[in-house]
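Comments concern the structure below.
The values are calculated or read from the model by the stated rules, or taken from the named source; none is laboratory data. The model shown is predicted, which means the values in this text are computed figures rather than measured ones. FYI the Cβ positions are ideal-geometry reconstructions off the backbone, even for glycines, and counts take in every protein chain you see.
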Amino acid sequence: STHPGTTDAPASAALLERAARVIPGAVNSPVRAFRAVGGTPRFIREAKGPWLTDADGRRYVDLLCSWGPMILGHAHPDVLAAVDEAARRGFSFGTPSENEVLLAEEIVDRIEPLEQVRLVSSGTEATMSAVRLARGVTGRSVIVKFAGCYHGHVDALLAAAGSGVATLALPDSAGVPTEMTSDTIVLPYNDIAALEETFAARGPEIAAVITEAAAGNMGVVPPAPGFTDALRRITREHGALLISDEVMTGFRCSRAGWFGLEGEAGYAAGAPDIFTFGKVMGGGFPAAAFGGTAEVMGHLAPQGPVYQAGTLSGNPVATAAGLATLKGCTPELYPRLEATARTIADAASAALSAEGVAHTVQWAGSMFSVFFREAPVTNYDDARDQDTAAYGRFFHAMLDAGVHLPPSAFEAWFVSGAHDDEAVGVILDALPAAAKAAASA
Ligand code: PMP
């Protein structure tokens with residue numbers, strides 16, 4: 001069902017061959033390998049603003065934005081200056097340093113219920129630590145997650161739904177022993193009844209529910225009205241914590257992430273206990289965080305009994321990049337991102353409609369994705385029920401025309417503040433032929 005691609009990329013192909021000898025599958029993160037769409041992944045040698053330049057010297061408008069972090073565009077001058085300045089003062093100290101304080105203050109300032117954050121180096125570390133903290137705080141073991149939500153490659157969260165609601169979760173990867181997922185329950189996203197049933201049966205065992213604040217890892221599937229609020233209400237009724245994973249949505253959907261966007265209505269029953277962040281807050285460098293109230297975070301070492309640590313946590317260069325990026329995430333940025341995204345999505349939808357290609361566009365702030373199916377998507381079963389082969393043809397036609405989309409139908413499309421008229425123009429010009437390719441089964 002994959003497409004070989006039509007444009008030669010000889011320098012990328014040569015690097016791919018060399019990479020395959022020394023790097024498993026030639027990539028350091030699986031989805032980069034183009035398995036879902038076929039063809040040769042482009043080795044990028046340089047990026048500036050909205051543009052990627054590959055090893056063959058071809059330019060692409062970037063709608064991947066490093067899977068979210070590059071919200072200001074690549075090599076933004078302010079971020080570059082901050083990184084340069086920080087790097088000149090040393091790369092890593094293994095001691096506390098001022099940048100950590102500044103970044104933590106910036107994050108805490110943006111999200112009202114947050115009092116403290118602990119800095120880590122990846123989204124995976126953030127969710128892994130959030131789960132440990134929730135278990136430590138509650139003294140309980142069971143974690144509830146939702147099918148189609150991705151929280152990094154944490155053993156306990158690499159779980160797939162077993163048969164039937166609220167059954168034992170099954171490992172979703174080799175190398176994850178069943179014991180590692182036997183305390184994980186996987187439920188359908190946006191299904192309040194399933195959640196209520198599960199808590200009625202096992203409430204006293206449940207440490208936490210972890211959810212993507214708005215799902216972005218099955219394509220964009222926002223919480224249905226009332227879902228977020230129900231999560232809060234039900235967890236609180238049963239003494240379980242709510243972990244809102246904002247690794248993708250944080251500082252992307254609004255200056256405070258999905259929490260800021262959904263606002264009062266979504267969180268009427270109260271704020272999540274623990275938030276996780278990554279991507280944007282690192283500005284393209286390895287920085288991530290988890291946080292909550294001082295009471296909850298006080299359970300962490302060295303104050304409390306829940307151990308968590310990192311040699312490079314709060315790295316002075318990564319935190320400088322993150323801080324400069326967040327400073328650039330001004331209130332004015334978000335309407336601009338939304339307008340750019342809207343222009344692209346509307347044009348994509350019009351082009352696909354003109355060719356009779358079934359599709360539906362879904363949103364979480366400026367984050368959106370195009371599902372190749374007619375009906376709206378509310379959960380993972382819906383998301384999987386789409387024409388991924390059509391996406392592969394569409395993807396490659398766009399790539400040929402100089403637009404780099406995410407190489408999978410299950411991913412959000414990301415725009416940046418650097419996507420200007422020229423970049424958007426390249427996308428709009430590419431869409432009609434790509435829609436035709438999608439239609440040509
Ligand atoms: N949570 C969410 C919601 C994510 O989107 C991701 C990454 N796509 C992660 C966690 C894991 O982050 P990382 O890849 O930095 O480990």
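A271 - would you say it is surrounded by 20 or more Cβ atoms within 10 Å (Cβ to Cβ) and either part of a helix (DSSP H, G or I) or assigned by TED's automatic domain parsing to the domain that holds A86 (or both)?
no
With respect to T293, is the statement that it is under 20 Å from the mean Cα position of the chain (by Cα), more than 15 Å from the ligand (Cβ to nearest atom) and assigned by TED's automatic domain parsing to the domain that holds G90 true?
Considered against the rule, which asks whether it is under 20 Å from the mean Cα position of the chain (by Cα), more than 15 Å from the ligand (Cβ to nearest atom) and assigned by TED's automatic domain parsing to the domain that holds G90, T293 comes out as no.
Give the stretch 358-369 a look and list any residue that's surrounded by fewer than 24 Cβ atoms within 10 Å (Cβ to Cβ) and on the phi < 0 side of the Ramachandran plot, or say none.
Scanning the stretch 358-369 gives A358, H359, T360, V361, Q362, W363, F368.
Out of the residues in the stretch 57-72 that are more than 16 Å from the ligand (Cβ to nearest atom) and surrounded by fewer than 23 Cβ atoms within 10 Å (Cβ to Cβ), state the one that is nearest to W413 (Cα to Cα).
Among residues in the stretch 57-72 that are more than 16 Å from the ligand (Cβ to nearest atom) and surrounded by fewer than 23 Cβ atoms within 10 Å (Cβ to Cβ), the one nearest to W413 (Cα to Cα) is R59.
So which of G152, G123 ends up being surrounded by 24 or more Cβ atoms within 10 Å (Cβ to Cβ) and within 9 Å of the ligand (Cβ to nearest atom)?
Residue meeting the stated conditions: G123.
Any idea which of A271, A301, A288 is away from the ligand (no atom under 16 Å from the Cβ) and within 23 Å of the chain's Cα centre (by Cα)?
Only one candidate qualifies: A271.
Report the residue count in the stretch 380-413 for those that are surrounded by 21 or more Cβ atoms within 10 Å (Cβ to Cβ) and either of a type in the set (V, I, T) or farther than 14 Å from G5 by Cα (or both).
11
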